[in-house]
1. Please give the helices (runs of 4 or more DSSP H) falling wholly within the stretch 1-86 in which 1 or more residues are of a type in the set (S, T, N, Q).
2. What are the pairs with Cβ atoms under 6 angstrom where one residue, in the stretch 266-294, is more than 10 Å from Lys253 (Cβ to Cβ) and at pLDDT 75 or above and the other, located anywhere, is assigned to a loop (DSSP other than H, G, I, E, B) and of a type outside the set (Asp, Glu)? Sequence gap at least six, or different chains.
3. Looking at the stretch 161-186, which of the residues that are surrounded by 19 or more Cβ atoms within 10 Å (Cβ to Cβ) and at pLDDT 65 or above is farthest from Thr141 (Cα to Cα)?
4. What tally of residues in the stretch 92-133 results from selecting those that are exposed (fewer than 11 other Cβ atoms within 10 Å of the Cβ) and of a type in the set (Gly, Ala, Ser)?
5. Can you work out which of the residues in the stretch 387-411 that are more than 19 Å from Ser351 (Cβ to Cβ) and touching a residue at least 12 places away in the same chain (Cβ under 8 Å) is surrounded by the most Cβ atoms within 10 Å (Cβ to Cβ)?
6. Within the stretch 98-132, can you find the residues that are part of a helix (DSSP H, G or I) and of a type in the set (S, T, N, Q)?
7. Being closer than 29 Å to Leu239 by Cα and either assigned by TED's automatic domain parsing to the domain that holds Ser319 or of a type in the set (A, V, I, L, M) (or both) is true for just one of Ser411, Ser391. Which residue is that?
8. Which members of the stretch 344-400 meet the condition of being over 38 Å from the mean Cα position of the chain (by Cα) and among the acidic types (Asp, Glu)?
Amino acid sequence: MKKLLIADDERIIREGLYNSIDWRAMGIEQVFLASNGKQALDIIETEHPDIAVVDIVMPEITGLDLISYCNQKVYGTKFIIISGHSEFEFAQEAMRNKVVSYLLKPCDIDEISQNLINILAELEQKQASEITFKNMKSRITHLAQVASKQLLRDYLTGVEIDPENLNIIHHLSDLEKPKYRLLLLFATSDEHFCLNPIIHDLVTTSGSKGIMSVDVLHDHTVLIINEDEGIEIESLIRLIHLKSTEYVNLRIKFAYSDNCTFENLPKYYKLTHDTANTENISGTKISGGDPVVINPSLYIYSKPIREAMNYVIDNLCDSSLSLKLIAQKVTYMHPDYLGKLFRKEYGKKYSDYLMTVRIKKAKQIIESTEDFRIYEIAQQVGLGDNVNYFSRMFRKHTGLLPSEYRAKVTSKKT
């Protein structure tokens, strides 16, 4: 239903017009009356009438000034002028202000009614066109998202993509950040399609900006994660695992990649997918939960080195993770032999690997929460008995003290 304003300083005219037409039958729900230009402007600004019937000569603000001002403000009100002035200059000014009709007093009610009916029909047609355009725009946006997802699927799975289409993927998927990780979720064929609503619910309720894309590819779900948003991969896995057991008891296997650029996504996707589907690779359990997780980057190493690395990751808070302990408890090798094998395959000493993992974990904790003090973070990464040593090692690896790194992370978020 529409709104209408009648503005005329002559009471007999404004009230006569108001009482002469069946407004509801015409489709007009509310009619406002104003005796001067100032009242008319106040009503327009507060009630936003669709149509205004105004006199030219009124106290406070003239009809033409009122129309000119409203057009500048783009209020959208359609104006009909009723005037006792037939001079051409008034009509010319009215035309410049896009007045719909210029009617001379004394006004014929049928003529006013017909003008109003024409304007209402025009407004209805405009509204219908706007709804159609909005629906079309929504549909086009949906189709663009569907096309973008298909392009991204093709890109990840090695289908050759035209450079222009790569730009479309960048734009529509917001994949223009420098660092990503892939997280693949595998379930049985019957349970597989239950994953998507779980992930969607997780993303929308947590407001996680770091999950850039979620898609289903064959027998698994793929998440593309923006590393710059400070998402800790193991925490995300635990959360997904927890949510999946709340809905139904899904048996999910997780596999994730190392950091990579957009250009390397297909390479890391293939490595992650193929490793997760290789026989005799069952994965390991992450600390604090039951989900089975595969990190394909570990499978470039021999079994003893993988076992050593997995043990370190799962027991990082243990301050006694010496090479001797790993050799005796995990690989059942002589420590000297294990040390040489580690250096040969990893390229650095075991102690270097251990410190790298400790500092990487410390960075993840700092990036994901401000709840822990520095000494508590040191304890979580196995360096809690010597906070000064932890701070020195952190600066050696990052160039910053833990407190400085936290300040840098906080400044990026604000």
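The values are calculated or read from the model by the stated rules, or taken from the named source; none is laboratory data. Predicted model, so just to flag it, every value in this text is computed and none were measured. Heads up, the Cβs are rebuilt from the backbone with ideal geometry, glycines too, and the neighbour counts pull from every protein chain shown.
1. 11-20, 37-47, 63-73
2. That search, which allows pairs on different chains as well, returns Pro266/Gly158; Tyr268/Ser257; Thr272/Ser257.
3. For the stretch 161-186, the residue satisfying everything is Phe186.
4. 2
5. Going through the stretch 387-411, the residues more than 19 Å from Ser351 (Cβ to Cβ) turn out to be 387, 399-411.
From what is left, the residues that are touching a residue at least 12 places away in the same chain (Cβ under 8 Å) are 387, 402-403, 405-406, 409-410.
Working: Val387: 17, Pro402: 24, Ser403: 13, Tyr405: 18, Arg406: 19, Val409: 15, Thr410: 12.
Selected residue: Pro402.
6. Ser113, Gln114, Asn115, Asn118, Gln125, Gln127, Ser129, Thr132
7. Numbers: Ser391 fails: closer than 29 Å to Leu239 by Cα.
The unique qualifying residue is Ser411.
8. Glu345, Asp352, Asp385
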